[in-house]
There are 2 protein chains.
Amino acid sequence: MIFGALEAGGTKMVCALGKEDGTILEQISIPTKTPEETIPFIIDYFKDKEIVSLGVGSFGPVDVNKDSDMYGHILDTPKTAWKYYDLLGNLEKELNVPIGLDTDVNGSCLGEITFGSSKGLDNVVYITIGTGVGVGAAVNGQLLHGMLHPEAGHILLRQHPQDSFAGNCPYHGTCLEGLAAGPAIEKRWGKKAVELKDVDKVWEIEAYYIAQALVNYILTLAPRRIILGGGVMHQKQLFPLIRKEVKELMNGYINTKEIKDLDQYIVPASLNDDQGIMGCIQLAKLALQG
Amino acid sequence: MIFGALEAGGTKMVCALGKEDGTILEQISIPTKTPEETIPFIIDYFKDKEIVSLGVGSFGPVDVNKDSDMYGHILDTPKTAWKYYDLLGNLEKELNVPIGLDTDVNGSCLGEITFGSSKGLDNVVYITIGTGVGVGAAVNGQLLHGMLHPEAGHILLRQHPQDSFAGNCPYHGTCLEGLAAGPAIEKRWGKKAVELKDVDKVWEIEAYYIAQALVNYILTLAPRRIILGGGVMHQKQLFPLIRKEVKELMNGYINTKEIKDLDQYIVPASLNDDQGIMGCIQLAKLALQG
């Protein structure tokens, strides 16, 4: 059986074909333009591939509640061409296969707990830090939804005492995304993150913000592991800094075996940046099961 | 059928008998002393009552993971007499009925979604603000556990610009509990919360902290409703202040129908301070079902 996988991101769309074990048979990537330009291309790609089902991991906000009138629609997004676009409906109309839908970050979380180093863990938080900050989560083995899906890239943080940057989020100023996403780093320091690799202060401040967010996720969601992916997290020097800062901020409050072993608790994504598209393969498998 | 319910709090233990529909037939309350003094009394109470099962909502931290070696034990608590006490094991040994166990705040959350005004909602956050701050949550209809249970009373907050109080939490200083629990109010203002009812500044600052925490829970857990209980929340003037502050902090970021109607979204506990013990009745029912 061949499964279709679509990672519908804000800047690019990845279309892939995969097998039950997560193997990616082929994948292509196109830039995200308007729905009128982009969706026909996607439909063309999948139409003659004989996929049994499709899994879609979409940028948000997107309505992922099956019992909602707006299920499958993109919601109130700054990408105006996509605002209230019926992503699921338009794909279903043309492809005639079951389609599973979730957010891109929940998809990545699913990829990691299905095929990655967190295989089998029931409670996991997945965070991507790149042009924005996205958070996905599994709770009791299921991806987390409710009123909406997690939007925890926007949680409110304390400012680092040596950081006077006003924050970059148009809604919240100094939320996690406003302080720690790639564009925030670039705006604060006047250079891209990759060019700042050797400036210790950059990563000390970055780790402070990420650690603060992690502490709040730990205390709220009680995950068994936290996975960090995305472009900014390619700066591997961040991991020991984040772990050190988490330890200081927790200050001995929780003493589970997981917290005592932060090297195994706060980890990089394990699937070579394929966690998102592999998660979409799993979404397709689940959609076929109904 | 008669169900037993035990709300095992840090200051008092409530023992009750209840019916399937949540009706409380009788209840007694005793102060929480050492396990050696308190547990025999509880066992005596339930022993001749012909209960079919028992539900226990315990103060935390408590191990609520059924697959853990320490399942049912109190964990690392400042109440030294209870540290690592096998609460579940000692009750099971004497009572010979199925016992369901969760945290006291998860119990209150369960009470509200089973018998209260949030009946049937699958994703709910319950917060109690009193001598401490406790948080329970249901996700996809199940109480939230993972590595541990929520400890979200300790999430880290920004200080209010007009508040110089250093915070009251021995672990985190200015976490939610350190800034907004009853003892923090008393220490900051030199008077108990009930005596400060008419001092607007007290409640403006209090609402700022609670709202900040709520925003982070909303963004992380996407609840369909947030319920606030506990002694401090008997100050009903807090509710409109909290809603106003949540609206300002969210700043239009999420536009679900729930967020557009904060009067119905952020609500007081609905069961007359019986939500905890009624939740324990439901825990007993679930334990009987296995």
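The values are calculated or read from the model by the stated rules, or taken from the named source; none is laboratory data. These numbers come from a predicted model, not from an experiment. Reconstructed Cβ throughout: ideal geometry from the backbone, glycine too, with neighbour counts over all protein chains shown. The area values use the complete protein model at the heavy-atom level, side chains included, leaving out ligands, DNA and RNA. Shrake-Rupley method; radii C 1.70, N 1.55, O 1.52, S 1.80 Å.
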Correct semi-axes for region B:117-268, from √(5λ) of the alpha-carbon gyration tensor and rounded to whole Å with the largest first, are 24, 17, 14
The simple spin-label model distance between B:Thr34 and B:Ser117, using points 7 Å out along Cα→Cβ, in nm, is 4.4
With the label set 7 Å along Cα→Cβ, B:Asp76 is separated from its counterparts in the other copies, in nm and shortest first, by 4.2
In the neighbourhood of A:Val124 defined by beta carbon distances under 13 Å, the net charge of the other residues (Lys, Arg +1; Asp, Glu -1) is 0
Unit-weight point scatterers at every alpha-carbon of region A:24-127, Debye formula, q = 0.10, 0.14, 0.16 1/Å: log10 I(q)/I(0) is -0.31, -0.62, -0.81
Rounded to whole Å, √(5λ) for the Cα gyration tensor eigenvalues of region A:200-290, largest first, gives 27, 18, 10
Once phi for every residue in region A:107-117 is put through the Karplus expression 6.51 cos²θ - 1.76 cosθ + 1.60 (θ = phi - 60°), the whole-Hz ³J(HN,Hα) values, with Gly and Pro written as x, are x, 4, 4, 5, x, 5, 7, 9, 10, x, 6
Note on region B:238-290: alpha-carbon gyration tensor, axes a ≥ b ≥ c; rule is a/c under 1.5 for rounded, else prolate if a/b larger than b/c, else oblate; result prolate
Taking alpha-carbon centroids only, region A:78-111 lies from region B:123-193 a number of Å equal to 37
If unit charges are put on Cβ atoms (+1 for Lys and Arg, -1 for Asp and Glu) and the dipole of chain B is taken about its Cα centre, the option from B:Leu176, B:Ala16, B:Ile242 lying farthest towards the positive end turns out to be B:Ile242
Listed by chain and number, the residues whose amide H is under 5 Å from that of A:Tyr85, excluding neighbours fewer than 5 places away on the same chain and using placed H, are A:Ile74
Per-residue average of other protein chain Cβ atoms inside 10 Å, peptide A:72-82 -> 1
Treating every alpha carbon of region B:226-267 as one equal point scatterer without solvent, the Debye formula yields log10 I(q)/I(0) values at q = 0.15, 0.25, 0.28 Å⁻¹ of -0.37, -0.88, -1.02
Taking a crude spin-label model, label points 7 Å out from Cα along the C-beta direction, the A:Lys187 to B:Met1 distance in nm is 5.7
For A:Asp21, placing the label point 7 angstrom along Cα-to-beta-carbon and taking region A:95-118, residues whose amide nitrogen sits under 15 Å are A:115-116
Mean shadow area (nm²) of the C-alpha convex hull around region A:1-83 is 5.9
The answer for the net charge of residues other than A:Asn216 whose Cβ lies under 11 angstrom from its Cβ, with Lys and Arg +1 and Asp and Glu -1, is 0
Taking chain A and counting helices only, DSSP H stretches of n ≥ 4 at -39,500 (n - 2.57) each over all residues, the nearest-500 ellipticity at 222 nm comes to -11000 deg cm²/dmol
Check: C-alpha center region B:9-77 vs C-alpha center region A:208-273, spacing in Å is 34
In whole Hz, the Karplus estimates of ³J(HN,Hα) for region B:181-194 (6.51, -1.76, 1.60; θ = phi - 60°; x where Gly or Pro) are 6, x, x, 5, 4, 5, 5, 5, 9, x, 9, 6, 3, 4
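What value does the protein assembly as shown have for Rg/Rh, both radii from Cα atoms and Rh as Kirkwood defines it?
Details: Rg = 24.2 Å, Rh = 24.7 Å.
Rg divided by Rh gives 0.98.
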HN-Hα couplings for region A:234-251 via Karplus (6.51, -1.76, 1.60; θ = phi - 60°), in whole Hz with x for Gly/Pro, come out as 5, 7, 5, 4, 5, 4, x, 5, 5, 4, 4, 5, 4, 4, 5, 5, 5, 6
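Would you mind counting up the charge near A:His145? Only other residues with Cβ under 12 Å from its Cβ, with Lys and Arg at +1 and Asp and Glu at -1. Display every interim value, and only then the final one.
On the way: positive: A:Lys66, B:Arg224; negative: A:Asp63, A:Asp67, A:Asp102, A:Glu151, B:Asp122.
Combined, the nearby Lys, Arg, Asp and Glu give -3.
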Heavy-atom accessible area of B:Arg158, protein chains in place, probe 1.4 angstrom, given in Å² to nearest 10, is 50
Label model pair B:Glu204, A:Asp273: point-to-point distance (7 angstrom along the Cα→beta-carbon line) in nm is 5.0
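Assigning unit charges at the beta carbon (Lys, Arg +1; Asp, Glu -1) and nothing else, what dipole magnitude in debye, to the nearest 20, does the protein assembly as shown show about its Cα centre?
Values: 52 positive and 72 negative charges, 204 e Å.
Around 980 debye, computed over the protein assembly as shown.
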Residues whose modelled amide H sits under 5 Å from the amide H of A:Val62, counting only those 5 or more places away in sequence or on another chain, are A:Leu75
Of the residues B:Phe115, B:Ala152, B:Asn90, the Cα lying farthest along the dipole of region B:89-217 towards its positive end, which is defined by charges on the beta carbon of Lys, Arg, Asp and Glu, belongs to B:Ala152
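Any idea what the alpha-carbon Rg over 2.2 N^0.38 Å comes to for chain A? Don't skip to the answer; put the middle values down first.
On the way: Rg = 18.9 Å, N = 290, 2.2 N^0.38 = 19.0 Å.
With N residues counted in chain A, Rg over 2.2 N^0.38 Å equals 0.99.
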